[in-house]
Amino acid sequence: MSQLLVVKERLYRALQLATHDRDERPEMVPAPIGNTTEPAWAAYEREVMHKAVNEERAKLSKGPLDLKDVMRVEQLAVGHADYPDKFPLYCAELVLTVD
């Protein structure tokens, strides 16, 4: 299995675990961009992925990325039926390709 798919699977598992807690975060919180709000569970899942991306990067002796990098690839996945697959894949690409 390619390194990309290995990392993607680890990130997929991190996202899946985070989704199990959605009902614990029903409130709305300020969105990171714009003057709007978003569900707290969405902000939590994004933060989980940000942490997971940086943990994977650390394993490869790469420096951490900003949350905005994770937000950028998240937007590429938003609205797609396969969001739970695309978001971890795009995050895995961040782990492996961004220096």
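At full extension, Y83 and I33 could sit 16.0 nm farther apart than now, given 0.36 nm per residue minus the alpha carbon distance. Charge dipole (Cα centre; +1 on Lys/Arg Cβ, -1 on Asp/Glu Cβ; no other charges) of the range 3-97 amounts to roughly 360 debye.
Taken together, the values in this text are just the output of simple stated rules run on the coordinates, not laboratory data. Because the structure is a prediction, the values reported are computed rather than measured. Positions of Cβ are backbone-derived with ideal geometry, glycine not excepted, and every protein chain shown enters the neighbour counts.
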